[in-house]
1. Between residue 35 and residue 55, take the C-beta separation as r, use R0 = 41 Å, and let me know the FRET efficiency to the nearest 0.05.
2. Rounded to the nearest 10 degrees, what's the angle between the helix 153-173 long axis and the longest principal axis of the chain, both from Cα atoms, 0 to 90?
3. My understanding is that a pair violates if its Cα-Cα distance is over 20 Å; which of 123/143; 65/97; 65/98; 123/172; 143/172; 143/164 do that in this structure?
4. With θ set to phi - 60°, apply the Karplus curve 6.51 cos²θ - 1.76 cosθ + 1.60 along segment 47-61 and write out the HN-Hα couplings as whole Hz, x wherever there is a Gly or Pro.
5. Counting helices only, and only those DSSP H runs with n ≥ 4, report the 222 nm mean residue ellipticity of the chain as the sum of -39,500 (n - 2.57) divided by its residues, in deg cm²/dmol to the nearest 500.
6. Using amide H atoms built 1.01 Å from N in the peptide plane, name the residues 5+ places from residue 104, or on other chains, whose amide H lies under 5 Å from its own.
7. Would you kindly state the longest site-free stretch of the chain, with sites defined as trypsin sites (Lys or Arg not before Pro) in a DSSP loop (not H, G, I, E, B) surrounded by at most 14 other Cβ atoms within 10 Å?
8. Roughly how tilted is helix 90-99, in degrees to the nearest 10 and between 0 and 90, from the longest Cα axis of the chain?
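Here, each number is a calculation from the coordinates, and none is a lab measurement. None of these values were measured; they are calculated from a predicted model. When we count neighbours, we look across all protein chains shown, and the Cβ atoms used for this are built from the backbone with ideal geometry, even at glycine.
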Amino acid sequence: MSPTERLAQLFSDFPGIGRRQARRFVYFLLSKDRTFLKELASTLQNIQDEVLQCQHCYRFYTKDKSSSPLCPICADEHTDHTIMLVIEKDVDFENIKKTDTHAGRYFVLGGSVPILEQDPTKKIRALELIAETKRAAKDDGLKEIIVALSANPEGENTTQYLKKTLEPLADKLGIKISVLGRGLSTGTELEYSDSDTLAHALKNRG
Ligand SMILES: [Zn+2]
């Protein structure tokens, strides 16, 4: 395989990128000067050393001097650790953070559960969420889990699966499970929601 074909193959693994677009990326890179390519290559090389994944919420964060195994939100004593917002992916965190309506902590599922999926634990961090719920109940006095997923069929399916999976444990530990209010119109992807819609959905959870 030629280097251009190999690079196109790598790009086509990216979410939402097809073969045609992958080839456009390759030709775009070939048209750039060496400085740009060098910077891109070194950024890619460093990203795994400089970006860590939080041991509690699984969010990616930039390593600082403290080399803490927890992200700034999980490590912050001002965070309301009794409320945990369960989101699908890291970009959702950035959107919700902007709305300034959630003072609690997060948990990143890392995906969603397709309808008819046989083994949801392969698609989302369901087992990790159970483990983290137990830990947070014991160490941080966790009181509420808010499931904040997209209002599309796959998001709904994931929400139902999580409720079913978490309910026995939540009942035992005295934790309330709530779901984002219907402020989000059906079919809405969380990452495209504006701040007002999200704030409204958070306030009207139930
Ligand atoms: Zn964290």
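1. Details: r = 37 Å, r/R0 = 0.90.
Computed FRET efficiency for residue 35 and residue 55: 0.65.
2. Approximately 40 degrees, to the nearest 10.
3. 123/143; 65/97; 65/98; 123/172
4. Result, rounded to whole Hz: 4, 6, 7, 9, 10, 10, 10, 5, 6, 9, 9, 6, 7, 7, 8.
5. Values: 8 runs with 98 residues, N = 206.
Result for the chain, helices only: -15000 deg cm²/dmol.
6. Long-range HN contacts for residue 104: 80.
7. 66-181
8. 60 degrees
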